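Peer 1: Okay, handing you the structure first.
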Amino acid sequence: MAMSPNFFNKRETELAAARHVVPLPAQGAGYGASSGTATQQGTSPANVAASASAAAPAPVGGSKLIVGPNIKLKGVEITDCDTLVVEGLVEATMDSRLMEIAEQGSFKGSAEIDIAEIHGQFDGNLTVRQKLVIYATGKVTGKIRYGKLVIEEGGQLSGDIQFGASPGPRAGNAEKPTLTVAGR
């Protein structure tokens with residue numbers, strides 16, 4: 001039986017023409033680009049592009065980096081990040097607006113943050129310009145500077161702890177340290 005030399009190639013060409021690969025829309029508002037792809041069959045390239053752009057939500061509140069559970073991010077400097085959510089392990093230096101460490105999350109290194117919410121662990125140099133919140137499951141150790149401090153019952157804070165966002169005492173600063181202990 002004689003077969004056409006293009007028999008197999010024809011089928012692959014038809015499949016490739018019927019399938020378009022487009023990026024998945026971002027997960028949630030403002031999470032940035034996705035790393036996966038989705039396959040859409042039987043649609044024209046114009047429809048695929050239109051549906052992908054319509055499905056992708058617009059970023060809200062600036063840039064956001066989420067380090068998911070079981071992810072380890074080591075030896076980096078995180079820049080231009082408005083919000084960092086740590087559900088895994090991060091060993092880094094960073095300057096950001098908001099840092100959230102989930103209960104299973106851990107951050108080691110140096111961070112300068114406007115607002116920090118700690119449910120997990122932080123170890124290192126932490127400067128919180130505005131408000132540091134340590135929840136019942138949170139543990140913060142190291143050299144800590146804060147503007148305002150809230151520690152929920154059960155939360156842990158240890159190390160070199162000072163009021164004020166800058167490492168040394170500020171001349172002419174008449175403000176008194178603010179400490180709030182939240183009960184259950």
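Peer 1: Can you spot the aspartates and glutamates whose alpha carbon is less than 12 Å from K74's alpha carbon? Ignore those fewer than 8 places along the same chain.
Peer 2: Answer for K74, where 12 Å is the Cα cut-off: E91, listed by chain and number.
Peer 1: Another question about this same structure. E91: net charge of surrounding residues, Cβ under 10 Å, Lys/Arg +1, Asp/Glu -1, itself excluded?
Peer 2: Once all neighbours under 10 Å are counted, the net charge is +2.
Peer 1: For a protection proxy built on the mean count of beta-carbon atoms within 10 angstrom, sort 102-112, 132-142 highest first, please.
Peer 2: 132-142, 102-112
Taken together, the values in this text are just the output of simple stated rules run on the coordinates, not laboratory data. Note that the coordinates shown come from a computational prediction; the quantities given were computed from them, not determined experimentally. Don't worry about glycine lacking a Cβ; one is built from the backbone with ideal geometry, like all the others, and counts go over all protein chains shown.
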